[in-house]
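Taking it in order: structure first as structure tokens, then the write-up.
The values are calculated or read from the model by the stated rules, or taken from the named source; none is laboratory data. These numbers were taken from a predicted model, which means no experiment stands behind them. Quick reminder, even Gly has a Cβ in these numbers, built from the backbone with ideal geometry, and neighbours come from all protein chains shown. The protein model used for the area step is the full one, side chains on, heavy atoms only, and it has no ligands, DNA or RNA in it. Shrake-Rupley method; radii C 1.70, N 1.55, O 1.52, S 1.80 Å.
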Amino acid sequence: MNDETHDITRRRFLGDTIAATVVASTAPLLLHVSAQEHPSGSSTPWYRRAYLWGQTNITEKDPSRYDIGWWRDYWKRTQVDAVIINAGGIVAYYPSKFPLHHRAEFLGERDLFGELTKAAHDDGIFVMARMDSNRAAEDFFTAHPDWFARDIQGNPYRAADKYVACINSPYYDDYLPGVLREIIERSQPDGFTDNSWAGLGRESICYCENCARKFQAKRGKALPKKADWDDQTYRDWIMWSYARRLEVWELNNRITRAAGGPDCIWSGMNSGSVTAQARSFRDLREICRRADIMMLDHQRRDDDTGFQQNGDTGKRVHMLLGWRKLAPESMALYQSGPGYYRVASKPAAEARMWMIAGLAGGIQPWWHHVGAYHEDRRMYHTAEPVMRWWKTNQQYLVDRTPIATVGVVWSQRNTDFFGRNAAADLVDAPYTGFMHALVRARIPYVPIHADDLDEQGNNLTLLILPNVGALSDAQAAAIRRFVARGGSLLATGSTSLHDEWGDARQDFALGDLFGCHPTGGAQTRQSTGGRASAGDPSGAFAPSPNSHTYLRLTPELRARVDGPKTGDEPRISGERHAVLRGFEETDILPFGGTLAPLKLEAGVVVPMTFVPPFPTYPPETAWMRQPSTDIPGLVLSERGRSRIAYMPADIDRRYAREHLPDHARLLANVIRWASGDTIPLAVDGTGLVDCHLYEQPGRLILHLVNLTSEATWRAPVDELIRVGPFKVTVTLPQRLAASRARSLVAGRDQPVAMTGRSAAIEIDAILDHEVIVFE
């Protein structure tokens, strides 16, 4: 046993034996904000009372210039309840006893972490010690080469000048627990977080001795030689890797609770992107089932998803975590995209709107600076007004449950085994397309995991499945039960054509509900090249400058009398279906994909059919060679109270990529038809507004976020554009009668006009957001 290993063993023993002393010494800290009673009779844990957060991500230079007094004043001005302070991992900000625990270059003998922790506790602020612990310097690698990840040739994996530690090695099992105990012994933080805790990502298989030995013991086979989604060994490695991250989560919590008391939790950071979670083996659902608080490292929007994605993230996490637990999110106040400028201020409007969009989805704000000293001081003015507004209106922003009749189904296994290496196109884009369409139509919705349909689907009237290709038999059965209870269904693309491993089925698992079936044999996956494979009813995203396709709207609302006649147009008399409302002046909609024939069951309605590709260039050739087919673009049916819509045309994905208003209108029309008259909210007025509806005892809360700006689809926004007026009509639950409404941003009360169960008010204008409380 070398000296470092001996020291680790000794510290583990000491940490366990002094646990009672540590608990006794830290108990007063657990009471420094509130003595609110927990249902168990003890005080409410600190992590249920830490609503407003701050983080100064310390650089190695900062120990020589950290002005603790200035930052204490900033904590006070932003009214934070908790701060995240760098402790250790790659860099230690205290004089660690572990010789390989690299001290910050300018630390000297200073205990910066200890000083900041004491200052925060003196100010009544909770502290989460931040770790960054998946890599180390060369001297550490040289001392413990068997603790680090290796490629198939035996070479170590590198990240810049650091070596990546293997998550199956003693680095995670012994060394890091020793560091956690040391930090607790020295400074008694209230808990821990770690932004790089999950180890090597999915793109790299580790072949070190630790992985080889543990995989063999668990699965009875050698590690996969390469990434191959059709190889069961690779699939086993994927699931084994997920399980290991959960083991690390549970191990770290045992360590911190034993050393620091039952409320000294460890909660690693997680992304707001399901695809990012999948690439790092962080199972969002399983982590939420274990987490006491969810720490989100999700700092900015991108041009595809917009600010509304942050509201969606909040709802997704809380649907898994529960709505009483907290989910703070790191919100960068430096310019983090486009470009990456760590010490330059993000435009105030961009940072503010990201924060507000998150608040609307149930996220708690957490300002984030890199470095303790900045020459660009504009960033210090952004968070304060948002945090103060939140503190003033705190009672309306937590402990609330969403009111929505539409659920958008997702699962991380679908991202893994159907999306595979093309999840952004096959999984993320279809989901995002529906998110955008729902926001544009001002329809409240919740993300719902495919394994939670029985538990969470009872209050929903419509499930949307956006190209959820991989569904297990159990998940498909839950969807059938939902429909049997009278629920409606809207599915697109390859939904249910693959099992939970992504293997092709002969038919839709939900074909009996869709009322249609593929005409070929076993279905093959859409290729990453973007073309639909043989037998797949949906067309992959494949825009081409050389050809274009369309969807024909049939039957025609009326015989065409206002355009030139050629004699070869399709002519079908009769009224169009309600899903085509708003398209009276067109017989076609742009599509761009490909579709395959389907076998239709009796009684279904097909309001759109496929127009095959024809040239775009030169313009003289841009005429339809085959103006119509019987290939469905949308299949509708009704089963008692249930309405079923299956859309083989991937309009959801195309709307996410192309933002064509026709696609948004079509998706919204189908959603409204399938929902019947159950949507509880109508907001009339111009502008792009995201609508979140919640309930608390005795009140309804409507959070409206104004997404209308000069940079709606391109970050960063620099100027907010005021929109309004709006007429808001909300259907109240039977248990609630509203006599007045209060605008929390405008700060005024107004009467409510009641018509039956509908409550209506007028809103003059919205600059960034407004919150209406009906009570």
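Helix 661-675 and the long axis of the chain differ in direction by around 90°, with both axes built from C-alpha atoms. Placing unit charges on each Cβ (+1 for Lys and Arg, -1 for Asp and Glu) gives the chain a dipole about its Cα centre, and among PHE126, ALA760, LEU438 the Cα reaching farthest toward its positive end belongs to ALA760.
The portion of the accessible surface of the range 386-483 made up by carbon and sulfur, rounded to a whole percent, is 46 (1.4 Å probe; DNA, RNA and ligands excluded).
Against the 2.2 N^0.38 Å scaling, with N counting residues, where does the range 604-689 land? I'd like the Cα-based Rg ratio to two decimal places. Present the calculation step by step, with values, prior to reporting the outcome.
On the way: Rg = 16.6 Å, N = 86, 2.2 N^0.38 = 12.0 Å.
Its radius of gyration relative to the 2.2 N^0.38 Å reference: 1.39.
Accessible surface computed residue by residue for the range 583-644, with neighbouring protein chains in place and a 1.4 Å probe, gives 51 Å² per residue. Placing dummy labels 7 Å off each Cα toward the beta-carbon, the span from SER758 to LYS221 is 6.0 nm. List the aspartates and glutamates whose Cα lies under 19 Å from the Cα of LYS61, skipping any in the same chain that are fewer than 8 positions away. LYS61 reaches GLU105, GLU109, ASP111, GLU115, ASP132, ASP161, GLU375, ASP376. By the helix-only formula, in which each DSSP H run with n ≥ 4 contributes -39500 (n - 2.57) and the sum is divided by residues, the chain has a 222 nm mean residue ellipticity of -8000 deg cm²/dmol.
Against the longest alpha carbon principal axis of the chain, how many degrees, from 0 to 90 and to the nearest 10, is the axis of helix 209-219 turned? Tilt of helix 209-219: around 50 degrees. Given +1 on the Cβ of Lys and Arg, -1 on the Cβ of Asp and Glu, and no further charges, what dipole in debye does the range 569-701 carry about its Cα centre, rounded to the nearest 20? Approximately 360 debye in magnitude.
Partner lysines whose Cα lies under 23 Å from the Cα of LYS315, excluding those fewer than 8 positions away in the same chain, are identified as LYS325, LYS391. Look at the Cα gyration tensor of the range 126-174: its axes a ≥ b ≥ c give a/c of at least 1.5 with a/b over b/c, and that counts as prolate. Distance distribution P(r), the chain, all Cα-Cα pairs, bin width 10 angstrom from 0: 2, 13, 22, 24, 20, 12, 5, 2, 0, 0 percent.
Sorting check: for 625-638, 148-161, 385-398, which peptide has the highest mean count of neighbouring beta carbons within 10 Å, and how do the rest follow?
On the way: 625-638: 18.6, 148-161: 14.1, 385-398: 16.6.
With the highest mean Cβ count within 10 Å placed first, the list reads 625-638, 385-398, 148-161.
Using the Cβ-Cβ distance between LYS214 and ARG289 with R0 set to 25 Å, the FRET efficiency works out to roughly 0.60. Per-residue extension of 0.36 nm, minus the Cα-Cα distance of ASP161 and ARG77, leaves a gain of 26.4 nm for this segment.
With every protein chain present, what is the per residue accessible area of the range 37-180 (1.4 Å probe, Å²)? Spell out each step's value before the answer.
Values: 5210 Å² over 144 residues.
Here the per-residue accessible area is 36 Å².
Just how far, in whole angstrom, is the range 374-417 from the range 316-353 if you go by their alpha carbon centroids? First find each Cα centre; the distance between them is then 8 Å.
Multiply the residue separation of ARG735 and THR708 by 0.36 nm, subtract the distance between their alpha-carbon atoms, and state the gained length in nm to one decimal.
Working: separation 27, 0.36 × 27 = 9.72 nm, distance 3.46 nm.
Net length gain for the segment: 6.3 nm.
Counting only lysines at least 8 places from LYS214 when in the same chain, those with an alpha carbon closer than 21 Å to its own are LYS225, LYS226. Separation of the range 76-155 and the range 205-246, taken as the distance between their Cα centroids, equals 30 angstrom.
Compared with the dominant principal axis of the Cα atoms in the chain, helix 176-187 is inclined by about 60°. Here each label is just a point 7 Å from Cα along the line to Cβ, and for ILE721 and ILE68 those points are 4.9 nm apart.
Only alpha carbons enter this Debye calculation for the range 153-218, each as an equal point scatterer, and the log10 of I(q)/I(0) it gives at q = 0.15, 0.20 Å⁻¹ is -0.61, -0.93.
Taking the highest mean first, how do the peptides 64-71, 658-665, 547-554 order by number of other beta carbon atoms within 10 angstrom per residue? If you can, show how the numbers build up before the last one.
Numbers: 64-71: 14.1, 658-665: 17.2, 547-554: 21.1.
Peptide ranking by packing, descending: 547-554, 658-665, 64-71.
Please work out, to two decimal places, the log10 of the ratio I(q)/I(0) at q = 0.17, 0.25 Å⁻¹ from a Debye calculation in which every Cα of the range 254-341 carries one identical scatterer. Values returned for q = 0.17, 0.25 Å⁻¹ are -0.78, -1.31. Neighbours of GLN750 by Cβ distance under 9 Å: Lys/Arg scored +1, Asp/Glu scored -1, total +1.
Any of LYS97/LYS218; LYS118/LYS346; LYS97/LYS118; LYS76/LYS118 with alpha carbons more than 25 Å apart? Name them for me. All intermediate terms of the calculation are to be shown ahead of the outcome.
Details: LYS97/LYS218 35 Å; LYS118/LYS346 30 Å; LYS97/LYS118 20 Å; LYS76/LYS118 15 Å.
In this structure, LYS97/LYS218; LYS118/LYS346 lie more than 25 Å apart at Cα.
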